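A short reminder: the numbers here are calculations on the coordinates, not readings from a lab. For clarity, every value in this text was computed on a predicted model and none was experimentally measured. With ideal geometry, Cβ positions are generated from the backbone for all residues, glycine too; neighbour counts draw on all protein chains shown.
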Amino acid sequence: MNEHELEKLAQRLGARAAEQLDVERTAQAVVTRLREAPRVSVVTRLWMQSAWLKVAATVVLLLGTGAVAKALWRPQALAPAGGEAAAAGLNDLSTDQLQQLLEVVDTPADGAAPVYPPDASLDDLTAPQLRELLRSLEG
Amino acid sequence: MPHAEPVAAVPTDAALIAAWQGGDEQAAAELVRRHARALARFLASAGAPDGDLDDLVQETFIRAFRGVDRFRGQCRFRTWLLTIGGNVLKDAARRARRAKVVPLHEELRATDGDPHERAVAGEAEGRLLAGLGRLSRMQREVFLLRAQQGLAYEEIAAALGTSPGAARVHYHHAVKRLKEYLA
């Protein structure tokens, strides 16, 4: 059998089966199934949304855990002068101790400006400034 | 002078696809009417059991319409449809194998098949069908797209994601192996 005969034969393949196909019925069946498709895709979309929410929640949890772990570790490792005071909390410190802490944080390592006036004493700080001070001590 | 009756323009496939994307269900139905038989021939030649042909044709169109946004006109709509049909057939064969419905010969139907079918189709067609079942999927699809659907290598290559040269090589390998089998 040569190539031409093979091609002729191939052109006849499947012709009988294709003739038996009820094209109009197939067209209507396809349209009907397509009409039902949005319901499936809504379900799929909802499933995907919930999956993404789970992923996002996991990422937030991991980041949060990492931030807490870092915060717990840093005061001991990086702030030996103020670490003890930070652990004790601002309310438990004497005025002298707080003054000492203020001097420590008054000269930030990265050169950034302090969040309170440079000549202020602890008594001059407002509640938010004190909270900021405590946060900076805790890392 | 009599006025010529306006001839209703036959919408192109591209126009029907755009209409379907705009929500026109009848455009989808028209595309099915245009291409269902060619698709059925391709699937039957590639090994689809006659009893499953209607389901496979439907499934191919459903996948095509749902994924029509991915059709960028790289080839004709029919060619793209036939390649989707190849994927649908492969998936159906995999499911059937898992369910152990098809006991013989890789993903294709039993090629020593239905005696009635073979009597009708003729011995030579039956043997060609069996021979096609022995080819790799790429060889089989290239052969059918070329020999049965009459497509150019460029068109086949665009549809199957290969080069025209590679399509030509697959075709000649297929022809060589089929000739050996049918000798």
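For the pair A:Arg16/A:Thr126, report the inter-label distance in nm, with labels modelled 7 Å from Cα in the Cβ direction.
According to this spin-label approximation, the distance is 9.3 nm.
Find how many whole Å separate the alpha carbon centroid of the stretch B:138-183 from the alpha carbon centroid of the stretch B:23-37.
Each part reduced to its Cα centre gives a spacing of 28 Å.
Between A:Asn2 and B:Asp69, with labels modelled 7 Å along Cα→Cβ, what's the label distance in nm to one decimal, could you check?
Going from the A:Asn2 label point to the B:Asp69 one covers 5.2 nm.
Among the lysines, which have Cα under 29 Å from the Cα of A:Lys70 when same-chain residues fewer than 8 positions away are ignored?
Leaving aside lysines fewer than 8 places away in the same chain, those within reach of A:Lys70 are A:Lys54.
I'd like the Kirkwood hydrodynamic radius of the stretch B:13-98, using the inverse of the mean 1/r over distinct C-alpha pairs, in Å.
Values: mean 1/r = 0.0761 Å⁻¹.
Answer for the stretch B:13-98: a Kirkwood hydrodynamic radius of 13.1 Å.
Along Cα→Cβ, 7 Å out, is where each label goes; now give me the distance between the ones at B:Ala18 and A:Leu53 in nm to one decimal.
4.0
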